[in-house]
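**Q** Would you mind keeping the following structure in view while I ask a few things?
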Amino acid sequence: MQKLTLVIHGGAGTITKEEMSPELEKAYLEGLQDALDAGFAVLQEGGSAVNAVKAAAVILEDNLLFNAGRGSVFTKKGLQEMDAAIMDGKSLDAGAVAGIRNVRNPIELATEVLRNSNHVFLSGKGANDFAIKQGIKLEPDEYFFSQFRYDQWRAVRDSDNYMLDHTLQDVKEIKEQKFGTVGAVACDQDGNIAAATSTGGMTNKKYGRIGDSPMIGSGTYANNKTCAISCTGHGEIFIRAVAAYDVSALMEYKGFTINEACEEVVLNKLVRMEGEGGLIGVDSQGNFSLTFNSAGMYRGVKSSDGTNEVAIYKPES
């Protein structure tokens, strides 16, 4: 019988238990579980992997704790610019958006690009115009405001520094650095797989910077022959490494398992390039991997074999 599997992440980085309050830890774990439950419910009802990863990503985008959708960080101009991508492993169809504003759920817009645009990648005003045409829900700037994100930005807005997502206020003594991205991969009842990734990017970013999340092959990739992958980390290095596709290539051309391929990319290739972060993956048999080289990764997995786990920190050896 086909194994149903959903795997999610909410970002990776220097995330330690010492820096986390019990209340915040509980909130993160509950947020991850809510996303797992939403996505897995789609699979249990016979829904597609594409719809499952979209459902999980929407829940994470709506949660202020995660740097995507409503929780997106501030750019140099004090605004939110969001990126997202989704890919169907059965058809290799994909949809991606970058530099969009006021879209409540960027992953829903990416899905519309996949299904209804005859294109793969839309950006900026054109992507927003397409959102309006497709009836995607928009929100005012106030919807995306949180004091936590505003204080992060205020600490660096008068400098040329940009900042990866973190939770401490004093920039001179940042002990926690988190790569803010959310993502999901899934295997459905037909053995089809899909991947979705969404992000608000870097605090105080300028020049219209785009990371790996919306780039097919770098931050997001899915192919039924091999795997579905969603990445989280320092985007520039994941782009240069073509990280998501590299996992697929190792499986297709070298016969690696999903876990072997993920570990080769994350623990060897990215480390050599000084790339910090991680990724989640699933294959068409429902086998999965959650691999990261950082101190922690917000993550979770739920499968029809009874597996249901959410975690934050690196397992104790």
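Coordinate-derived values only; no laboratory data. As the structure is a prediction and not an experimental result, all values here were calculated from the model. Glycine gets a Cβ as well: all are built from the backbone with ideal geometry, and neighbour counts include every protein chain shown.
**Q** Rank Arg209, Arg104, Arg272 by mean-square fluctuation in a GNM of the chain with C-alpha springs under 10 angstrom and give only the top-ranked residue.
**A** Arg272
**Q** Something else: Enumerate the residues in the range 79-111 having an amide nitrogen under 14 Å from the point lying 7 Å beyond the Cα of Ile132 toward its Cβ.
**A** 101-103
**Q** Per DSSP helix of 4 or more residues, -39500 (n - 2.57); summed, then divided by the residues of the chain. What does that give at 222 nm, rounded to the nearest 500? If you can, show how the numbers build up before the last one.
**A** Details: 8 runs with 91 residues, N = 317.
It comes out at -9000 deg cm²/dmol, rounded to the nearest 500.
**Q** Give me the dipole magnitude in Debye, nearest 20, for the range 5-312 about the Cα centre, with unit charges on the beta carbon: positive for Lys and Arg, negative for Asp and Glu. Write out the running numbers ahead of the final one.
**A** On the way: 29 positive and 41 negative charges, 172 e Å.
Dipole about the Cα centre, nearest 20: 820 debye.
**Q** Among His234, His119, rank each residue by its count of other Cβ atoms within 10 Å, from fewest to most, as a rough exposure measure. All intermediate terms of the calculation are to be shown ahead of the outcome.
**A** On the way: His234 22, His119 14.
By the 10 Å Cβ count, ascending, the order reads His119, His234.
**Q** Now for a different question. So which DSSP H runs in the chain come out at 30 Å plus along the axis (Cα) with average Kyte-Doolittle of at least -1.0?
**A** On the way: long enough: 22-44 (32 Å, 0.05).
Long hydrophobic helices here: 22-44.
**Q** Here's another thing I want to ask about it. Using the 10 angstrom Cβ neighbour count as an exposure proxy, how do Lys90, Lys54 rank, fewest first?
**A** Working: Lys90 18, Lys54 27.
Least crowded to most crowded, the residues run Lys90, Lys54.
**Q** Here are a few candidate values for Rg and Dmax of the Cα atoms in Å: (1) 19.9, 68; (2) 17.6, 57; (3) 19.9, 60. Which one was actually calculated from the structure I just gave you?
**A** Evaluating Rg and Dmax of the Cα atoms in Å on these atoms matches (2).
**Q** If you don't mind, there's one more thing I want to ask. Please arrange Tyr28, Tyr221, Tyr207 by how many other C-beta atoms lie within 10 Å of their C-beta, fewest to most.
**A** Values: Tyr28 21, Tyr221 32, Tyr207 8.
Exposure proxy ranking, most exposed first: Tyr207, Tyr28, Tyr221.
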